[in-house]
1. So for the protein assembly as shown, taking the charge dipole from beta-carbon charges (+1 Lys/Arg, -1 Asp/Glu), which of A:Thr15, B:Leu33, B:Ala98 sits furthest toward the positive end?
2. Which of the chymotrypsin sites (Phe, Trp or Tyr not before Pro) found in the range B:1-99 are in a DSSP loop and have at most 13 neighbouring Cβ atoms, other than their own, within 10 Å?
3. Report, in order of residue number, the helices in chain B meeting two criteria: a C-alpha extent of 30 Å or more along the helix axis, and a mean Kyte-Doolittle hydropathy of at least 0.5; treat each whole DSSP H run as one helix.
4. Would you mind working out the magnitude of the charge dipole of the protein assembly as shown relative to its Cα centre, with +1 at each Lys and Arg C-beta and -1 at each Asp and Glu C-beta, to the nearest 20 Debye?
5. Can you tell me how the range A:46-112 classifies by the Cα gyration tensor, rounded, prolate or oblate, using a/c under 1.5 as the rounded cut?
6. Taking the number of other C-beta atoms within 10 Å as the exposure measure, put A:Phe120, A:Phe107, A:Phe69 in order starting with the fewest.
7. Where does chain A land at 222 nm, in deg cm²/dmol rounded to the nearest 500, when only DSSP H runs of n ≥ 4 count, each adding -39500 (n - 2.57), divided by all residues?
8. Could you list A:Met19, B:Met1 in order of exposure, starting from the residue whose Cβ has the fewest other Cβ atoms within 10 Å?
Amino acid sequence: MVAPSLGIAAWGLVTGVAMVKSGMSVAAALAMTLLVYAGSAQLAALPLVVAGAPLWVLWATAFCVNLRFVIYSAHWRKYFGTLPRWQRIVLGYFAVDLSYVYFARRFPEPRPAPEQLPYFCGGALWNWVSWQGASLVGIVLADRIPTQWGLGFAGVLALLGVTYSLLSDRKSWIAAAVAACAAVAAFGLPLKLNIVAGIAAGVAVGLLLDRKFPDAAPERV
Amino acid sequence: MPQWYVGVGIAGLAVVTVLARGFFLAPDREIELPAWALQGLRYAPIAALVAVIAPEIVLTNGTLLATWADARIYAVLVATAYFWWRRGILGTILSGTAVLLALKIGLGW
């Protein structure tokens, strides 16, 4: 877990810096990292917060960026579905990407076992500490870095990397290109609705392509 | 940025985190989603990320890039090249940020 947690820490550092350099106060950045605890969604939220987008646009965009967690949550249910509800909610909150990757590797059989909870908690705690520690350092550092350096853009570069890692087949490339063009072309719309236009256009094209050119072996989510 | 707006926005984002991470885990009964919704799950994150970053890269105050003397162009090109060379997100951030800082601080772009 050491090598990946270095990656998590670097990512947390960038997010901390980007939050403050986007113009957010240190107090707001601290609240955001400690409460929201979702790097990509936080970074995606920044331009929207700065532009004063309507709250529903902000939240809907973050939810879309977070949709991978919705998929993970279906898997978590197979392992932790029998726990009391409040435990399931807490556990879900701390279930980040790395927890999922490592847990699925360690417990390939989707059924409950007693050693799963301690394994999960250990990894989740480690991830939380790596992320929050680095994020706090980033927030404090950013306060001392000149704004002209444009370091807020590092957040966009981080999201760029995440986006590339999600592009798997030609259909996802086309959906991404359409979403990008729509979001730029619709920039004149008020209330940051160009983001919503981009998401809608990208998903619509993706679904259409899926209908026209179904995968050879359809994935089950 | 009014304080109430940032505060309510952040609180809502925290709720979004809880909702997304517990979506199928938290309810007492299993949720069934229609097939098209499950398929849409594949494209929505990509579309949302791209919709957020594309305008941040190619627009300045709502108009397309008018000059080549913009550090963002080269930062994105280098970051992109790095990703498709090595596939590491960390290196993508670092290489792009290095170019960004060099051009901003060195040339004042």
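1. B:Leu33
2. In loop regions of the range B:1-99 (DSSP not H, G, I, E or B), the sparsely surrounded chymotrypsin sites (Phe, Trp or Tyr not before Pro) are B:Trp68.
3. B:35-58
4. I would put it at about 280 debye.
5. Details: a/c = 3.39, a/b = 2.25, b/c = 1.51.
Because a/c hits 1.5 or more and a/b exceeds b/c, the range A:46-112 counts as prolate.
6. Details: A:Phe120 21, A:Phe107 17, A:Phe69 29.
Result, fewest neighbours first: A:Phe107, A:Phe120, A:Phe69.
7. -24500 deg cm²/dmol, from helical runs alone.
8. Arranged by neighbour count, lowest to highest, A:Met19, B:Met1 become B:Met1, A:Met19.
Values quoted throughout were computed directly from the atomic coordinates according to the rules given, and no laboratory measurement underlies them. Remember, predicted model here, so these are calculated numbers, not experimental data. FYI the Cβ positions are ideal-geometry reconstructions off the backbone, even for glycines, and counts take in every protein chain you see.
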